[in-house]
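Asks: Quick one: the structure is below, and I'll ask about it shortly.
The values are calculated or read from the model by the stated rules, or taken from the named source; none is laboratory data. Only a predicted model underlies this, so the values are computations on that prediction, with no experimental measurement involved. Note that each Cβ is placed from the backbone with ideal geometry, even for glycine, and that neighbours are counted across all protein chains shown.
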Amino acid sequence: MPAGAVIASVALVELSSGITQGFLSPLLKGLTDTLKVTAADLNWISIANLLASVAFTPVLARMGDLYGHRRLLRWNLAIVLAGSVLVGLSRSFPMLLAGQILQGAFAGFFPLLVGILRNRPDGGDGESRRGISLMVAALIGGLSLGLLSSGFIASTVDSPTAALWVPAIGASLALAVTWPLLPESDDRPGGSVDWTGAVLLSLGLVALMLALGLGGTPGWEWTSTRTLATLIGGVFLTALWVLVELRTAAPMIDVRMFRRRNVVVVSVVTLTFSFCMIGLQVAHSVFLGTSPAETGYGFGYDPIAIGLGLLPNLLAMALGALAAPAVAARISDRLTLVTGSGLMAVGYVIALAAHASAPVFLFGTALAGLGSGFLQHSTRTLAVESVPHDRTSVGSGINELLINVGGSLGAAAVLTVFAGHTPAGHTLPDLGAYTTSWVVCVVISLVGGAASLLYRTPSKDHQ
């Protein structure tokens, strides 16, 4: 298969993934009226999607290494398409959440595609770095296309739910085009799926995310039996998963690799940038669409303007992902990680200080996007290069899993903050919900920058 066709197919799949992740942003403010939910409730969209991703990612990645990356990718696309059809048919919030859960399988795209790229005859680390850079750029391009197309449809079509069909179109196109084009990977390590580890990890992380996400909200007070039982159960299951993996010959995730300094550093940075990037996704969309006449903050943008307002962040993110290989080659991987975290922190400081001025606010989000673009590429690249070729999808899958865990924690934190700042009987929070969220993300970004300083460039003998 010609390399150009493979790269184009890989980019198309990530483009559809971006569309699936980005199409809802311009619609969120309108959904508070259409589905009769609060702005805090909308964070459940991110949480449900990310929790599903946590469950899907390790299983799909491991099965790709064992049974073929192309074969699993086809099934993966079919699951996302089924969820997208369900979203398109949604006329209630629970049905929308059900569709989002199936759409969460998009998290399997990246590790499976990396497996296809890295197992090609010319798929060495240099080729993988370029491929990953293009994949991240295509993903962000899909985010841009998804939010602009859904914003345009929502503004021009009478039906308030017509734009919900956007991801179904993207997933259908990706499945139809890539089915005959992508090659199958020949490098199979043998073995079987560690289903016990997969179930324990999924249940443990989902329980932890639920407890942390709902803690402090009505019915889930921090001292309530429900919250404590869910939290303790999540800790227990996760600890049990670690013990099981240590005694399993072919574990789902080899937890021993977390003894390595660089693996821990990359994992921490991944958690910090995804916490902020995904955690603020709903918040910024609602902020742009809120009229100052309603709450005293926001810019009152319509769906098209919301899409355009989110574009600087996404374009800067794509630029950061494309520039990251050259930047890392010039200043080192460690300083690229530090720079990315620093840019995110400065961007959120600007948003905090100048949220009343649209141009300055959007510049701040763009600066944060540039930083997260650096980190998206760098963490994904370093995660893949740390494992053997026959575990490529697992290495990438671990990083995607951590992105989803970090995003889940971010969405959960914002949900808690928004719920605490939403007056009874209102759907929109007060300004304190946003200022608190920005302060938290400044601190989290600085933690990521501090962790990045601990990264050590491997010697040539150990690369």
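Asks: Looking only at helices (runs of 4 or more DSSP H) that fall completely inside region 187-295, which ones have 1 or more residues that are among the polar types (S, T, N, Q) and modelled with pLDDT of 90 or more?
Replies: Those helices (runs of 4 or more DSSP H) span 225-246, 261-279.
Asks: Please specify each residue of region 420-440 satisfying the condition of being modelled with pLDDT of 80 or more and hydrophobic (A, V, I, L, M, F, W, C).
Replies: Result: LEU428, LEU431, ALA433, TRP438, VAL439, VAL440.
Asks: Okay, moving on. Determine which single condition GLY289 fails, assuming it passes every other condition in (1) touching an Asp or Glu at 6+ places or on another chain (Cβ under 8 Å); (2) more than 18 Å from PHE23 (Cβ to Cβ).
Replies: The single condition GLY289 does not satisfy is (2).
Asks: ARG380: of a type outside the set (Val, Ile, Thr), more than 12 Å from MET277 (Cβ to Cβ) and touching a helix residue (DSSP H, G or I) at 6+ places or on another chain (Cβ under 7 Å), yes or no?
Replies: So ARG380 fits the description; yes.
Asks: Assuming ILE47 fulfils every condition listed in (1) farther than 17 Å from LEU428 by Cα; (2) over 22 Å from the mean Cα position of the chain (by Cα) apart from one, which condition is it?
Replies: All conditions pass for ILE47, except number (2).
Asks: Taking region 54-71 on its own, how many of its residues are surrounded by fewer than 24 Cβ atoms within 10 Å (Cβ to Cβ) and in a helix (DSSP H, G or I)?
Replies: Selection size over region 54-71: 7.
Asks: Just to check your reading of the model, which residue among PHE152, PHE110, PHE106 is modelled with pLDDT of 80 or more and in contact with a Lys or Arg (Cβ under 8 Å, 6 or more places away or on another chain)?
Replies: Residue meeting the stated conditions: PHE110.
Asks: Within region 26-39, how many residues turn out to be farther than 17 Å from GLY146 by Cβ and surrounded by 24 or more Cβ atoms within 10 Å (Cβ to Cβ)?
Replies: 1
Asks: Kindly establish whether SER372 is at pLDDT 85 or above, of a type in the set (Ser, Thr, Tyr), crowded, with 20+ Cβ neighbours inside 10 Å and within 29 Å of ALA55 (Cβ to Cβ).
Replies: Taking the combined requirement at face value, the residue satisfies it.
Asks: Let me ask another. Filter region 147-163 for residues that are touching a Phe, Trp or Tyr at 6+ places or on another chain (Cβ under 8 Å) and buried (at least 22 other Cβ atoms within 10 Å of the Cβ); which is farthest from PRO312 (Cα to Cα)?
Replies: Taking the candidates together, the pick is ALA163.
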